[in-house]
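Taking it in order: structure first as structure tokens, then the write-up.
Throughout, read-outs are computed from the coordinates displayed, never taken from laboratory work. Given the structure is predicted, the values throughout are model-derived calculations rather than measurements. Every residue, glycine among them, receives a Cβ derived from its backbone with ideal geometry; neighbour counts consider all protein chains shown.
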Amino acid sequence: MNVILGAGMSGMGAFYRDNSFEIFEKEDRAGGLCGRFSVKSDDGRTFYFDKAVHLSFTENPVVKEAFSKAQQNIYNPVPHSWFKNMWLQHPAQNNLFPMTAEFKVKALKDFIDRNQNDDPKNFKQWLLFQYGQYLYDELFEPYNKKYWCTDLEQMDTCWVGNRFYRPSIEEVLYGSYTDKTPNTYYAKEMRYPQKGGYVGYIDSIIKEAEKANKIHYGYEAERIDLSEKTVAFTNGERIKYDMLLSSAPLPDIVKCVKDIPNEIKNDAESLEYTSTELVSFGFNKVINCKDIWFYIYDADILAARAYLPSLKSKDNVPDGCSSIQFEIYRSNRDNPRDPKECMQNCVYALKKMNLAGESDIIARDFRTVEYGNIIFRKDTRKKADRIITCLESDGIYPIGRFGRWDYLWSDQAFMSGYEIINNTLS
């Protein structure tokens, strides 16, 4: 039996490539990190939310074909950031027009004078070399500390890619004189299913697997015996496998493997990540926000990011209503926050941004997604690669964001499952 652990984006990508695999999912539904949940209002109406903001901008032909079964909405968003009680077009570094003259002068001076010759040794240095000291102090350090929950000097830059826009001096100057600036966000077109939430993109694959009785829900791996090639589950079941793909996070899968070397256990235990504390609200009216998602720089607001499910699809809210979800991050080394404190702070954010008042809220929810983002320390990649090499040498093939321990977008996660099978079959 060929086995996939996890029915998230990567697991379904593997099944899309080879539908002979059996899928074992610990939850009672498929989707994983890209899954969907519902929240009932006080009067019984239903609001739907994804597990954090998800939108597709894939250009991968395999993923586009897989996703094409879902009817989708297409957007050309121009996102904004909340900073010092005002909205700036994102990215803020080349959209400083609303800021004071004093702020612009200091930002421009440090941008021009920044050191561009050194090879950055960490994420803090990378930000300083790209944007200068003033923008680092005002924008990038506060935001990234909220998002990554760690010392930026201890972070590597292997994950950065095109996630940060690097403007020229001409762009920074132009954006300080006018708000009529071009959209420089890394994705100009975003897509989202008309029905079913983000997981709707793989709904047809899930249904195919369910119809063929290939997905088994309520199966959480507890013990993997490499010599016998068996997986034991917390529900008491035990299966034998020929090939094993796992989308489980590396720290979790290593705990399951019998007789794995101690150095690999130590590597896995030292891996760090953020958890996402989600605060979701449903409103009895359409709130005044045109952004599908936005960023939050101000330190008095716990959330680093927010998105509006109601703008992604009308299917997510009852008629005449709207919704928002705030993303608050914490390190796995930190204690969970008080849900009531998180809720109150997000209500404060709504009022401060003049989006809604507490009396407008008719549905609310707090939940934690245990694995949100990987914290990339200087040695994270080396440790993760050692673990993956060890697992693959024993016939376990990690897939997905937390299986590969990499900052993968959803299409990359899908392809990580698809390509593992391609590579092993070739």
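In table form, for the structure just shown:
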read-out: Cα lying deepest toward the dipole's positive end in the chain, options Phe111, Gly282, Val62, charges on Cβ; value: Gly282
read-out: Charge-dipole axis of the chain as Lys and Arg at +1 and Asp and Glu at -1 on Cβ define it, positive-most pick from Ser393, Ser41, Gln412; value: Ser41
read-out: In order through the range 54-65: 3J(HN,Hα) via Karplus (6.51 cos²θ - 1.76 cosθ + 1.60), integer Hz, x for Gly, Pro; value: 9, 9, 9, 9, 5, 10, 6, x, 5, 5, 4, 5
read-out: Along principal axes, Cα extents of the range 142-231, largest first, whole Å; value: 65, 40, 20
read-out: Size of charge dipole - the chain - debye, nearest 20, with Cβ of Lys, Arg +1 and Asp, Glu -1, no other charges; value: 680 debye
read-out: In Å, descending, principal axis extents of the Cα set of the range 1-139; value: 62, 49, 27
read-out: Dimensionless Rg ratio for the range 168-290, taking C-alpha atoms and the 2.2 N^0.38 Å reference; value: 1.72
read-out: Cα-based reach from Lys40 at 18 Å (exclusive), listing aspartates and glutamates while leaving out same-chain residues under 8 positions away; value: Asp50, Asp315, Asp319, Glu358, Asp360, Asp365
read-out: The chain - mean residue ellipticity at 222 nm from DSSP helices (-39,500 (n - 2.57) per run, n ≥ 4, rounded to 500); value: -9000 deg cm²/dmol
read-out: Kirkwood hydrodynamic radius (C-alpha pairs) into Stokes-Einstein, the range 92-177, 20 °C and 1.002 mPa s, D in µm²/s; value: 161 µm²/s
read-out: Pairs from Lys69/Lys290; Lys104/Lys351; Lys146/Lys314; Lys146/Lys255; Lys64/Lys255; Lys26/Lys258 whose Cα-Cα separation, in the structure shown, is over 26 Å; value: Lys69/Lys290; Lys104/Lys351; Lys146/Lys314; Lys146/Lys255; Lys64/Lys255
read-out: For the chain, the longest site-free run once trypsin sites (Lys or Arg not before Pro) in DSSP loop states with at most 13 other Cβ atoms within 10 Å are removed; value: 334-426
read-out: Average projection area in nm² (convex hull over Cα atoms of the chain, one quarter of hull surface); value: 21.5 nm²
read-out: Test item: Cα-centred dipole of the range 92-132, Lys/Arg +1 and Asp/Glu -1 on Cβ, debye; value: 80 debye
read-out: Spatial separation of Cα centroids for the range 159-183 and the range 356-426, in angstrom; value: 30 Å
read-out: Magnitude of the charge dipole, the range 92-177, Cβ model with Lys/Arg +1 and Asp/Glu -1, debye to 20; value: 180 debye
read-out: Which of Asn345, Ser176, Thr150, positive extreme of dipole for the chain (C-beta unit charges); value: Ser176
